[in-house]
């Protein structure tokens, strides 16, 4: 996970201190995660993924969508949460969800 985080920071040309501040943790936390002494909580992983414009699944496992940032770089908290959650679904679950969403939209 740390390698993927550092790679995304480099791609984005963002400093680590800005990343730490925006995601709400200290450099010492990051060092503990990097050395494997502790692991970030899911909520923190979700914040990091949002900041990095990627999915939590990509950060944790290296699969899923590397770049999930909306085209305009924006998006509400709810939209980001949906992106994070959808990234954790299996392909079969995504297919079911898509059908459910289409059903909701067709019934408007």
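Output the peptides 15-23, 92-100, 48-56 sorted from most to least packed, where packing is the average of other Cβ atoms within 10 Å over each peptide's residues.
For the peptides 15-23, 92-100, 48-56, the packing ranking is 48-56, 15-23, 92-100.
With runs of 4+ DSSP H residues as the only contributors, calculate the mean residue ellipticity of the chain at 222 nm using -39,500 (n - 2.57) per run, divided by the residue total and rounded to the nearest 500.
So the helix-based figure for the chain works out to -19500 deg cm²/dmol.
Given [x] 26, 19, 11; [y] 27, 15, 11; [z] 29, 15, 12, which label gives semi-axes √(5λ) of the Cα gyration tensor in Å as computed from the coordinates?
Correct label is [z].
Using only alpha carbon pairs under 8 Å that are at least six residues apart, calculate the relative contact order of the range 1-71 and give it in whole percent.
30
Relative to the first principal axis of the alpha-carbon coordinates of the chain, what is the inclination of helix 42-52, with its axis defined by its Cα atoms, in degrees from 0 to 90 and to the nearest 10?
With both axes taken from Cα atoms, the answer is about 90 degrees.
Values in this text are rule-based calculations from the coordinates and carry no lab data. The structure presented is a predicted model; accordingly, all values stated were derived computationally and were not measured. Cβ coordinates were reconstructed from backbone atoms using ideal geometry, including for glycine residues, and neighbour counts include every protein chain displayed.
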